[in-house]
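Okay, structure first, notes after.
The values are calculated or read from the model by the stated rules, or taken from the named source; none is laboratory data. None of these values were measured; they are calculated from a predicted model. Here the Cβ positions follow ideal geometry from the backbone for every residue, glycine too, while neighbour counts run over all protein chains shown. Remember, those area values only see protein heavy atoms, side chains included, never the ligands or the DNA or RNA. Shrake-Rupley method; radii C 1.70, N 1.55, O 1.52, S 1.80 Å.
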Amino acid sequence: VQLQACGGGLVQAGGSLRLSCAASGIIFNIKAMGWYRQAPGKERELVATIARSSDINYADSKGRFAISRDNAKNTVYLQMNSLKPEDTGVYYCNAREYRGFWYDYWGQGTQVTVSS
């Protein structure tokens, strides 16, 4: 499984960005996809995930972020609105596969910088 993420960039506080992540390869065992982020000096943390069943899980984004997926394109999106400087970090696409145990694939990361 390969994950190709894009859509990061520099934006002013209050602005919006849309990240996308396309999955390719043998993906029929992928049960969920999502986004994590890593701020400088901090550990990687969950942003949002969406399961194949369309169940969605958000971390504490207080309604500013929305995750969605296009199954036909094997792509997951993260719409980020009302961005804050504390949203700055590298955003990683994740795909979780079940092999009898859970296995995580990671994309290369895309930088999001929110200026104040």
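The set of residues in segment 70-89 being free of Cβ contacts under 8 Å to residues at least 60 places away in the same chain and more than 10 Å from the chain's Cα centre (by Cα) consists of ASP70, ASN71, ALA72, LYS73, ASN74, THR75, GLU86, ASP87, THR88, GLY89. So, SER53, is that one at pLDDT below 95 and out of contact with any strand residue (DSSP E or B) (no Cβ under 8 Å at 6 or more places or on another chain) or not? For SER53, the condition - at pLDDT below 95 and out of contact with any strand residue (DSSP E or B) (no Cβ under 8 Å at 6 or more places or on another chain) - is met.
Residues checked against (1) among the aromatic types (Phe, Trp, Tyr); (2) outside any strand (DSSP E or B); (3) open to solvent by less than 30 Å² (accessible area, probe 1.4 Å):
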{"position": "LEU19", "(1), (2), (3)": "no, no, yes"}
{"position": "ALA23", "(1), (2), (3)": "no, no, yes"}
{"position": "ILE27", "(1), (2), (3)": "no, yes, no"}
{"position": "ALA32", "(1), (2), (3)": "no, no, yes"}
{"position": "LYS42", "(1), (2), (3)": "no, yes, no"}
{"position": "LEU46", "(1), (2), (3)": "no, no, no"}
{"position": "SER53", "(1), (2), (3)": "no, yes, no"}
{"position": "ASN57", "(1), (2), (3)": "no, no, no"}
{"position": "ASP60", "(1), (2), (3)": "no, yes, no"}
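Consider segment 90-116 and keep the residues that are charged (D, E, K, R) and either open to solvent by less than 20 Å² (accessible area, probe 1.4 Å) or within 17 Å of the chain's Cα centre (by Cα) (or both). The one that is farthest from GLN4 (Cα to Cα) is GLU97. When only residues in segment 70-97 that are polar (S, T, N, Q) and outside any helix (DSSP H, G or I) count, which is modelled with the lowest pLDDT? Checking each candidate, the answer is ASN74.
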